[in-house]
Amino acid sequence: MTSSTLVAALAAAAALLSPAAQAQDTKVAIGISGWTGFAPLTLAKEAGLFKKHGLDVSIKKIPQKDRHLAIASGDIQCAATTVETWVVWNANGVATTQIFQLDKSYGADGMVVKPHITKITDLKGKTVAADAPGTAGYFGLAWILKKNGMSVKDVKVVNMGPQPAANAMIAGTDGIDAAMTYEPYLGAVRAKPEAGKIIATTLDYPMVMDTFGCTPKFLAENPKAAKALADGYFDAVAMIKAEPKKSFEIMGADVKQTAEAFEKSQAYLRWQDREANQKFFAGEHAQFSKEAADLLLEVGIIKALPDMGKLADTRFLK
């Protein structure tokens, strides 16, 4: 075979392989935050687990209050957020569908108060730092207050993200009596008890559950990629169990934590494997979504219920 014939043959082979290679490498942009519960998504990307399933994943850190805007603009196709937030997004015209559960908080989210606050009802007329309406922090505040016979109208809410809210408590900022935050920032407050005490967490009020979802358009056009996203996440959960030290190093580095510090943060939540997902979506998801939607209506975050039957698509869990 002459050199020119060889070159032609190689070019022809490359042309045949190229479409297949591209078909296996579906691009998808995901929006998350630095919340500890989302870390397996980072692990799946950094450890090559998404790549193994034929995905080219980019992960963008976007505050929860802006994540739906990134979806609406097409900047991202998928996102991670709390179960009730999908209700808000869909009620406000940003069509999204949950396809698997990421985690459940077991004390990883909470309310921090200054020493003069001894019980939740002491917050009446006080100032609470919490993320914007439509976020997990604001919903968590509304949920805790409701369970204690109060509402967000009984307090003054100053909008701060989870990290600045925790920092304000640590700094002893005047005029802020309490704050809603989560790991890893809640851990910083735990480490400085003089800054305030954790008066309530998701151990007391289990209402923080995170799920992963995408636009209906992406799911319709890329069902194999949606299944690959779920499989990549479940692979990451399995890797955490099999190689905890390596996994904690990778996940911790993304939020500027040591493996040891990250390990402490993740102790307050439970990542959900495939079996736990199937159980969750068999009934608990719909039940919680309905209770959350009723509260969101009550506090004025949404004006009407979205189509509750379209909030989740469980076919990718198999």
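Brief remarks on what is shown
- Single unsatisfied condition, LEU41 versus (1) farther than 30 Å from TYR182 by Cβ; (2) at pLDDT 95 or above: (1)
- When region 129-161 is filtered for residues that are without any contact (Cβ under 8 Å) to a residue 40 or more places away in the chain and of a type outside the set (D, E, K, R), the ones remaining, listed by number, are LEU141, LEU145, ASN148, GLY149, MET150, VAL155, VAL157, VAL158, ASN159, MET160.
- Of the residues in region 222-230, at least one is at negative phi and within 15 Å of the chain's Cα centre (by Cα).
- In region 216-241, the residues that are farther than 19 Å from ILE71 by Cα reach residues that are of a type in the set (Asp, Glu) with C-beta atoms within less than 7 angstrom, at least six apart or across chains, in these pairs: PHE234/ASP273; VAL237/ASP273.
- Cross-chain or 6+ apart pairs with Cβ under 8 Å, region 186-199 first and assigned to a helix (DSSP H, G or I), then β-branched (Val, Ile, Thr) and surrounded by fewer than 19 Cβ atoms within 10 Å (Cβ to Cβ): LEU186/ILE198; ALA188/ILE170; VAL189/ILE170; VAL189/ILE198; ARG190/ILE198; ALA195/ILE170
- Of the residues making up region 231-265, those that are in a loop (DSSP other than H, G, I, E, B) and either closer than 21 Å to GLY54 by Cα or at pLDDT below 95 (or both) number 3.
- Any hit, region 298-313, residues being under 19 Å from TYR185 (Cα atoms), over 19 Å from the mean Cα position of the chain (by Cα) and at pLDDT below 95: no
- Residues of region 89-124 satisfying the condition of being of a type in the set (D, E, K, R) and out of contact with any helix residue (DSSP H, G or I) (no Cβ under 8 Å at 6 or more places or on another chain): LYS104, LYS119, ASP122
- Once region 266-289 is narrowed to residues that are touching a residue at least 40 places away in the same chain (Cβ under 8 Å) and not in a helix (DSSP H, G or I), the residue that is farthest from LYS318 (Cα to Cα) is TYR268.
- Top-ranked residue of region 48-63 - restricted to ones that are in a strand (DSSP E or B) and charged (D, E, K, R), ranked as surrounded by the most Cβ atoms within 10 Å (Cβ to Cβ): ASP56
- Out of ALA225, ALA238, ALA292, ALA253, one residue alone is surrounded by 21 or more Cβ atoms within 10 Å (Cβ to Cβ) and either touching a Lys or Arg at 6+ places or on another chain (Cβ under 6 Å) or closer than 20 Å to VAL57 by Cα (or both). It is ALA225.
- Residue selected from region 26-47 under the condition farther than 18 Å from GLN98 by Cα and either among the small types (Gly, Ala, Ser) or part of a helix (DSSP H, G or I) (or both), by the criterion farthest from the chain's Cα centre (by Cα): ALA47
- Region 42-58, residues that are of a type outside the set (Val, Ile, Thr), in contact (Cβ under 8 Å) with a residue 12 or more places away in the chain and more than 11 Å from ASP254 (Cα to Cα): ALA44, LYS45, ALA47, LEU49, PHE50, LYS52, HIS53, GLY54, LEU55, ASP56, SER58
- Index of the failed condition, GLY232 passing every other in (1) in contact with a helix residue (DSSP H, G or I) (Cβ under 7 Å, 6 or more places away or on another chain); (2) more than 22 Å from GLU263 (Cα to Cα); (3) not charged (D, E, K, R): (2)
The values are calculated or read from the model by the stated rules, or taken from the named source; none is laboratory data. Given the structure is predicted, the values throughout are model-derived calculations rather than measurements. Don't worry about glycine lacking a Cβ; one is built from the backbone with ideal geometry, like all the others, and counts go over all protein chains shown.
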